[in-house]
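Q: Once you've had a glance at the structure underneath, I'll fire off some questions.
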Amino acid sequence: LYATDARNTSEGAFELLSAHETPTGVGSWIEVGARLVTVAPESQLQIPITVRVPEDARPGDHAGAVLAASDAIGTGPDGKTVRLDRRTGPRVYVRVGGDLQPELAVESVRTTYDASANPLDGAATVTYRIRNRGNVRLGGTHHVSVSGPFGAGRKSTEPVELEELLPGEDVVVEVELDGVPALGLARTEVIVEPTSADAEAAGLSTVRGSGTALAPPVTLVLLVLAVGSGLVARRSYLRHRRGAAAVEPNLT
């Protein structure tokens with residue numbers, strides 16, 4: 001039995017430190033009444049748990065868990081014997097009194113545009129980071145739109161649920177949008193609507209992030225270049241013919 005800290009994965013999911021990592025937050029504040037226990041079949045044990053919050057703990061939310069772990073022997077995909085660390089236990093959320101600062105931010109918005117033979121059917125890949133800069137747990141929804149100048153040809157995604165982010169944690173999102181026209185410039189806008197189950201953190205404002213990328217109409221550019229090359233070649237040919245005619249001898 002032991003306590004540990006929680007964090008978010010790069011995909012935003014809730015996860016706990018591994019058994020070999022030392023907790024520095026909630027996990028270090030919790031004292032479990034017993035480290036090693038044996039539970040008989042069809043029985044249960046009651047283990048006391050004490051939480052001591054340091055006087056200098058920062059205000060806001062802190063997350064962790066109390067875990068019961070047991071080793072087990074299993075078989076891996078290659079047929080070899082492996083040792084499994086099976087863990088189960090409740091999450092622990094601690095709110096330290098003080099100034100609450102709910103704040104989400106959109107960072108590092110990047111867009112790449114892939115043109116197609118049809119200038120009205122390109123694809124845009126957007127990556128961005130949503131970070132919890134505040135000190136309370138926050139969730140919400142987020143969606144992306146990509147458009148040309150003045151909002152022309154706008155394409156948008158449906159709102160997607162944001163996994164609850166712990167304070168200081170972030171998630172990187174990648175979205176692909178099809179049917180984005182090549183209008184020279186693609187403007188990306190990311191919109192996040194934060195939510196909180198805590199009434200004290202209600203009334204959160206919409207968060208936005210933006211970026212731009214070149215979206216050249218490749219097919220049209222190639223067509224213009226081909227027509228231009230043809231006109232240049234024709235003019236050169238006509239000049240050559242006129243020059244040849246000017247130097248022909250007069251046989252009359």
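Q: Which of the three applies to region 110-187, rounded, prolate or oblate, going by the alpha-carbon gyration tensor with a ≥ b ≥ c and a/c under 1.5 meaning rounded?
A: prolate
Q: For a quick check of your reading of the filter: which trypsin sites (Lys or Arg not before Pro) in region 79-113 sit in a DSSP loop and have no more than 13 other Cβ atoms within 10 Å?
A: Here the sparse-neighbourhood loop sites are Lys80.
Q: Okay, moving on. Taking the Cβ-Cβ separation of Ala68 and Val172 as r and a Förster radius of 35 Å, what is the calculated FRET efficiency to the nearest 0.05?
A: 0.60
Q: Okay, next question. For region 1-122, what does the accessible surface come to per residue with a 1.4 Å probe? Please give it in Å².
A: It amounts to 66 Å² per residue over region 1-122.
Q: Got a sec to turn the phi values of region 89-103 into Karplus ³J(HN,Hα) couplings, 6.51 cos²θ - 1.76 cosθ + 1.60 with θ = phi - 60°, whole Hz, x for Gly and Pro?
A: Coupling constants for region 89-103: x, x, 6, 10, 10, 10, 9, 8, x, x, 6, 8, 10, x, 7 Hz.
Q: If I model a spin label at Ala152 and Thr22 as a point 7 Å from the Cα along the Cα→Cβ vector, what separation in nanometres do I get?
A: Using points 7 Å along Cα→Cβ, the separation is 6.1 nm.
Q: Check Leu165: other-chain or 5+ apart residues with amide H under 5 Å from its amide H, H built from backbone geometry?
A: Leu138, Gly139
Q: Okay, moving on. Once amide H atoms are built 1.01 Å from N in the peptide plane, which residues 5 or more positions from Ala182, or in another chain, come under 5 Å H to H?
A: Long-range HN contacts for Ala182: Leu120, Asp121, Gly122.
Q: Name the GluC sites (Glu not before Pro) in region 1-92 that are in a loop by DSSP and that have at most 14 other C-beta atoms within 10 Å, would you?
A: The qualifying sites are Glu11, Glu21, Glu42, Glu55.
Q: Only loop residues by DSSP count here, and only those with at most 12 other Cβ atoms within 10 Å; note down the trypsin sites (Lys or Arg not before Pro) in region 1-73 that meet that.
A: Answer in residue order: Arg35, Arg52.
Q: Explain nothing, just compute: Karplus ³J(HN,Hα) = 6.51 cos²θ - 1.76 cosθ + 1.60, θ = phi - 60°, for every residue of region 54-63 in order, whole Hz, x for Gly and Pro.
A: x, 5, 9, 5, 5, x, x, 8, 9, 10
Q: Out of the total accessible area of region 27-153 (probe 1.4 Å, heavy atoms of protein only), what percent is carbon and sulfur?
A: Roughly 49 percent, rounded to a whole number.
Q: For region 1-15 and region 114-168, what is the separation of their C-alpha centers, rounded to whole Å?
A: 25 Å
Q: Something else now. From the alpha carbon gyration tensor of region 82-155, can you work out the equivalent ellipsoid semi-axes (sqrt of 5 times each eigenvalue) and give them in Å, largest to smallest?
A: Largest first, region 82-155 gives 40, 22, 9 Å.
Q: Convert each backbone phi in region 173-180 into a coupling constant with the Karplus relation 6.51 cos²θ - 1.76 cosθ + 1.60 (shift: θ = phi - 60°), then list the ³J(HN,Hα) values in order as whole Hz, x for Gly and Pro.
A: Ordered by residue, 3J(HN,Hα) equals 10, 10, 10, 10, 10, 9, x, 8 Hz.
The values are calculated or read from the model by the stated rules, or taken from the named source; none is laboratory data. Worth saying up front: this structure is predicted, and the values here are computed from it rather than measured. Glycine gets a Cβ as well: all are built from the backbone with ideal geometry, and neighbour counts include every protein chain shown. Surface areas here come from the heavy atoms of the whole protein model, side chains and all, with no ligands, DNA or RNA. Shrake-Rupley method; radii C 1.70, N 1.55, O 1.52, S 1.80 Å.
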